[in-house]
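Everything below concerns the one structure shown next.
The values are calculated or read from the model by the stated rules, or taken from the named source; none is laboratory data. Bear in mind that the values here come from a model prediction, so they are computed numbers and not experimental data. Here the Cβ positions follow ideal geometry from the backbone for every residue, glycine too, while neighbour counts run over all protein chains shown.
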Amino acid sequence: MISDALLFWFLAFVTVGSGLAVVLFTNPIYSALSLVMTMVGVSALFVTLGAYFIAGVQLIVYAGAVMVLFVMVLMLFDLKQELMAFSRGQITGALKVISAGLFLGLIFGIITKRSNLSFVDKIPSPADINIDNSKELGTVLFARHIFGFEALGVLLLVIAVGTVALARSKGGTHAKH
């Protein structure tokens, strides 16, 4: 029981640390890689809680597909010119300090209220969970809503091809001027 709690808290700190790295890194590629680490950490947290289906979906959908789209969008921009566009004025500095204060206040509030919460008692054991739920969900999604999945796949393919075509065309973001 103690080892499970230690593993959970280790993964929680890794996830929060990589989430902070997303915001603190100035290089967008490093931020995207930190976001992937955050998604993997969240998936590992789901595994420690016994939610294996949600952990798998988290890895496949968010750490896989969504991050591929993020990297494609990053490819569209001229990152050297975008970095110069960020302002380092007093207003943005004040907003950063206010956001950090609100975040620290939220963390402090959670820690002080932790003694009143008992999440461990509310988590069902794996024996109480109906195993057929995932099968029923898959049957409903792929039987009744198959057109939506197919349409989304075609739409994402068109977006990927259009993104590369626009980026490489004359006048695109990576075109030789």
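Quick rundown of the values:
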read-out	value
Subset of the stretch 1-17 (residues that are over 13 Å from F46 (Cα atoms) and aromatic (F, W, Y))	F10, F13
Unique match (being surrounded by 13 or more Cβ atoms within 10 Å (Cβ to Cβ) and either modelled with pLDDT under 75 or over 30 Å from A165 (Cβ atoms) (or both)) among V16, V36, V22	V16
Residues located in the stretch 39-58, provided they are touching a Ser or Thr at 6+ places or on another chain (Cβ under 7 Å) and surrounded by 17 or more Cβ atoms within 10 Å (Cβ to Cβ)	G41, V42, L45, A55, Q58
Failed condition for S115, given (1) over 19 Å from F46 (Cα atoms); (2) surrounded by 10 or more Cβ atoms within 10 Å (Cβ to Cβ); (3) at pLDDT below 70	(2)
Members of the stretch 137-152 that are surrounded by 10 or more Cβ atoms within 10 Å (Cβ to Cβ) and among the small types (G, A, S)	G138, G148, A151
